[in-house]
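In what follows, a single structure is set out as structure tokens and then discussed.
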Amino acid sequence: GGGSTETWGNLAVDPTVWASVKPMTGSEIMREGGDVAVAMYRFIIRNRSDLDERFRIVWEGSSYNIRQVQREGGRALYLTIIAERGVPT
């Protein structure tokens, strides 16, 4: 007894948002005896204060781990997110 569990949940408000998505880089790495394709993507969404690197993005059925949230200030109109696909959290 007495363990802990980590689980994913949706944002409380507006879990589905508009985004501009652009691929940035891609490569392959060796992981657990096999090659794994990884890719970095840039997501641009409307600015929101309730999003940080603890979250992940699900887009077109794939999960993306958020690596960086680039904030330009509280009054900025858009938020840039750098996220990685292909590597487990």
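The values are calculated or read from the model by the stated rules, or taken from the named source; none is laboratory data. Just so we're clear, the structure is a prediction, and the values are computed from it rather than from any experiment. Neighbour counts run over all protein chains shown; Cβ positions are idealised from the backbone, glycine included. Heads up: the accessible areas ignore ligands, DNA and RNA and are worked out on the full protein's heavy atoms, side chains in. Shrake-Rupley method; radii C 1.70, N 1.55, O 1.52, S 1.80 Å.
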Each residue of the stretch 55-67 in order: what ³J(HN,Hα) in whole Hz does its phi give by Karplus 6.51 cos²θ - 1.76 cosθ + 1.60, θ = phi - 60°, with x for Gly and Pro?
8, 9, 10, 10, 9, 6, x, 10, 9, 10, 7, 6, 9
Taking a crude spin-label model, label points 7 Å out from Cα along the C-beta direction, the K22 to A39 distance in nm is 1.6 nm
Sorted on mean Cβ neighbours within 10 Å (highest first), peptides 34-43, 52-61 come out as 34-43, 52-61
Probe 1.4 Å, all chains present, heavy atoms only: T16 accessible area in Å², nearest 10, is 130 Å²
